[in-house]
Amino acid sequence: KIVGYLAAGVIFGPHAIGTLSNDAARQLAPVSSLAIALIAFLAGAELRWSELRDRGVLLLKILATELTLVMVSITGLMLLMRDFVPFLAGGSPTVIVVMSVLFGSIAIVHSPAVTIALLAETRASGPVARTTLGVVLLSDVVVILLFAAVLSIARALVPPASAVGGFTVASVLWEIGGAVIIGAMLGGGIALYLRFVRRELFLFAILVAFFGSEIARLAHVETLLTMLIAGFVAENASPHALGEALRQAIERSAAPVFVVFFALAGAALHLGALADLWFVVIPIVLVRAAALWAGGTLGAAWGGASPVERKYTWMGLVSQAGVALGLATVAAEAYPERGDEIRALFLAMLAVHETIGPIMFRFALSRAGELSNTTTSPTTNAALAPDAPAPPDKAPDTTLQTT
């Protein structure tokens with residue numbers, strides 16, 4: 001489905017038929033913000049503190065290994081291909097090295113949006129699904145901090161031709177630390193609502209995502225991290241049945257939002273850039289995939305993961321989406337003289353990774369035997385009133401119903 005939504009966005013987007021214009025895509029931007037908030041909250045709600053405590057070392061070992069190998073491999077490849085990369089060609093040795101490292105710090109990004117959406121679509125569960133989800137979620141925090149550090153060093157070594165205000169280490173630290181604080185407060189409020197109100201969870205789920213994303217925007221903090229922390233706190237501060245009811249309500253409300261979100265992502269993909277830069281993009285995609293395979297396999301073995309996790313987890317790390325484009329945009333704004341070339345190369349990479357990533361992850365889940373046998377979403381009256389008792393003369397209805 002995700003690939004289908006992306007394909008529809010490409011076909012009907014401004015770079016093909018043109019049914020969806022650039023102005024229309026900008027007007028639909030709030031839907032994308034809502035989708036990111038829903039995805040992040042679902043991701044946080046999937047994490048239990050007990051599981052993080054038991055599996056945190058494994059997740060960190062996989063993450064550290066694959067991020068290191070991918071960054072080193074991509075940086076080395078950029079140095080080798082410096083004469084063919086538009087924003088490196090003709091630069092001084094210092095510029096080439098700094099820009100290559102900066103590019104590598106963005107290329108390591110994964111896609112929580114694709115991961116969560118695919119898990120929601122397939123209702124997959126098992127070690128590969130949970131390990132992949134944990135690595136992808138932890139990577140967002142690590143990658144943003146790493147990118148901020150690399151960009152600060154890059155601007156010190158290679159000052160931009162024209163300074164762009166607004167980027168400081170303090171602002172990045174607030175974007176991360178403030179997201180944790182605001183997310184925790186929001187999650188605490190949600191937990192109180194679940195304990196004492198427990199009504200209209202479908203509507204409440206939409207309001208949580210909308211107001212959560214708006215609060216994050218107004219506070220200038222990372223929306224993804226804010227909603228992830230909110231989901232984590234709400235899930236772990238609430239009784240399991242209440243947290244499960246809210247997750248089901250969010251999954252029902254997220255389905256139509258995902259359609260628009262991924263269609264807009266497809267509309268933003270510029271296939272012309274891919275055609276112009278294919279001789280650079282293909283080696284980057286292949287080297288990144290090889291580094292993910294090596295890093296995921298070695299990290300899982302280092303952490304003592306099961307054989308199935310060692311074999312298939314890396315396939316869930318291929319996708320890239322909004323976070324990568326966001327970091328590329330920040331880098332492009334920091335270096336406006338190279339901005340268009342940096343953004344064009346990343347758009348071409350996203351066109352590949354956003355298409356093959358979901359297919360590879362679903363293949364991995366299928367081979368690992370973790371796909372659900374049902375394709376409908378289990379929704380019962382318990383989603384609206386979790387503590388309501390069943391009628392005394394009738395057993396609880398467990399039939400799968402489609403809303």
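The values are calculated or read from the model by the stated rules, or taken from the named source; none is laboratory data. Bear in mind that the values here come from a model prediction, so they are computed numbers and not experimental data. Counting neighbours? That spans all protein chains shown, and the Cβs are built from the backbone with ideal geometry, glycine included. Remember, those area values only see protein heavy atoms, side chains included, never the ligands or the DNA or RNA. Shrake-Rupley method; radii C 1.70, N 1.55, O 1.52, S 1.80 Å.
Table for the structure above
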| item | result |
| --- | --- |
| Cβ-based charge dipole, the stretch 1-141, positive-most Cα from Thr122, Val95, Leu52 | Leu52 |
| Scattering curve values for the stretch 1-67, log₁₀ I(q)/I(0), Debye with Cα scatterers, q = 0.21 Å⁻¹ | -0.92 |
| Peptide ranges 358-371, 255-268 listed from the most packed, as the mean C-beta count within 10 angstrom indicates | 255-268, 358-371 |
| Per-peptide average of other Cβ atoms within 10 Å, ordering 1-9, 41-49 highest first | 41-49, 1-9 |
| Packing-based order for 135-145, 16-26, using average beta carbon neighbours within 10 Å, highest first | 135-145, 16-26 |
| Portion, in percent, of the accessible area of the chain that falls on carbon or sulfur, probe 1.4 Å | 68 |
| Value of Rg to Rh for the stretch 42-108 (Rh from inverse mean 1/r over Cα pairs, i.e. Kirkwood) | 1.24 |
| Gyration tensor over alpha-carbon atoms, the stretch 182-231, equivalent ellipsoid semi-axes in Å | 20, 11, 7 |
| Acute angle (nearest 10 degrees) that the helix 127-157 long axis makes with the longest principal axis of the chain, alpha-carbon atoms | 40 |
| Unit charges on C-beta of K, R, D, E only; dipole of the chain, Debye | 500 |
| Cβ-defined net charge surrounding Leu58, 14 Å radius [Lys, Arg +1; Asp, Glu -1] | +1 |
| Acute angle (nearest 10 degrees) that the helix 29-45 long axis makes with the longest principal axis of the chain, alpha-carbon atoms | 60 |
| Volume per residue of the C-alpha convex hull in the stretch 288-363, rounded to whole Å³ | 94 |
| Relative contact order (%) - the stretch 1-124, alpha-carbon pairs under 8 angstrom, separation at least six | 27 |
| Computed over the chain: relative contact order in percent, which uses C-alpha pairs under 8 Å that are six or more apart | 30 |
| MRE, 222 nm, helices only [DSSP H, n ≥ 4, -39500 (n - 2.57), over the chain, to nearest 500] | -25000 deg cm²/dmol |
| Cα long-axis angle, helix 223-236 against the chain (0 to 90 degrees, to the nearest 10) | 30 |
| Percentage relative contact order, the stretch 176-255, counting C-alpha pairs under 8 Å, at least six apart | 49 |
| Estimated translational D of the stretch 91-221 in µm²/s (Stokes, Kirkwood radius over Cα pairs; 20 °C; 1.002 mPa s) | 119 |
| For Val114, net neighbour charge (Lys/Arg +1, Asp/Glu -1) across residues whose Cβ lies under 12 Å away | 0 |
| Accessible surface, the chain, averaged per residue in Å² (probe 1.4 Å) | 44 |
